[in-house]
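Input: one structure, supplied below.
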Amino acid sequence: MKNRKQRVELIVDLIRTKCIPSQVELLKLIAERGFHVTQATLSRDLKLLKITKMSSGRGKFMYILPDSNLLKDNLLKSGDVDLNTNCQGGFISLQISGNMVVIKTRNGYAAGLAYDMDISNRSEILGTIPGSDTIFCVMREGMTHDEIRKVFASLVPLDRKIPVY
C-alpha cells in the first residue's frame, strides 16, 4: 500500500502538469498510478494542499496550486487559455500609434499583463515594456490598426473597460 505522502506528491505533480477539470478525472489519474482512494479522501487532500479551481476561459475549469504560475504559463504558450477572460481585470485602455501600442492598466497590473503577453508568443508582438500602470508594445512592421486590435482582442477585454479608481 502506498502512503499518503506519496499520494499527495502525485496529486501536486498531476495538477502542476495537467489540466484536470474534476475530482472524478483526478481520481482516475491517481488510480492509474496505483493509488486507490475515495472521493472524500481526495477532497481532504485537496483541502490540505489548498488546491482550488479556476476557469480556463473556455467554459472549462481546472485545478491549480496556490501561487503556481507554471500551468498557466504552459496554457498561455499552447494557446489553451484566453487572457482576456482569465484574470486580467486591470486593463483600462489601448491606444495605437503606427506600430506602437500603449496599454493603460490599474496600478500594479502592467507587469503581469506584459508577462502574459510575452509568454503567449504572439509573432505580431515584437516586445513589451511594462511600467506600473502602462505597457509599451512594439508591433510587427506593416500591421494596420484593425489587425493590431484583433491581436489585442484575444489578449485583453477591449470591449470591457475598467474605471480608474
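The values are calculated or read from the model by the stated rules, or taken from the named source; none is laboratory data. Because the structure is predicted, anything quoted here is derived from the model rather than measured. Here the Cβ is made from the backbone with ideal geometry for all residues, glycine too, and neighbour counts use every protein chain on show.
Under 17 Å from Phe91 (Cβ atoms), at pLDDT below 90 and either outside the structural domain of Leu94 (by TED's automatic domain parsing) or within 20 Å of the chain's Cα centre (by Cα) (or both) - does that describe any residue in segment 134-146? Step through it out loud before you land on a result.
If we filter segment 134-146 for residues that are under 17 Å from Phe91 (Cβ atoms), which is where we start, we get 134-137.
Now narrow it down to the ones that are at pLDDT below 90: none.
No; the residues of segment 134-146 include none that is under 17 Å from Phe91 (Cβ atoms), at pLDDT below 90 and either outside the structural domain of Leu94 (by TED's automatic domain parsing) or within 20 Å of the chain's Cα centre (by Cα) (or both).
Exactly one of these conditions fails for Ser55: (1) polar (S, T, N, Q); (2) under 30 Å from Leu26 (Cβ atoms); (3) at pLDDT 85 or above. Give me its number.
(3)
Hey, can you tell me all the residues within segment 111-133 that are under 12 Å from Phe91 (Cβ atoms) and modelled with pLDDT under 85? Don't jump to the end; show me each part of the working.
At the first step, the residues of segment 111-133 found to be under 12 Å from Phe91 (Cβ atoms) are 112-114, 116-117, 133.
Result: Gly112, Asp116.
Test Asp82 against the stated conditions and say whether it is modelled with pLDDT under 65, surrounded by 16 or more Cβ atoms within 10 Å (Cβ to Cβ) and not aliphatic (A, V, I, L, M).
Spelling it out, Asp82 is indeed modelled with pLDDT under 65, surrounded by 16 or more Cβ atoms within 10 Å (Cβ to Cβ) and not aliphatic (A, V, I, L, M).
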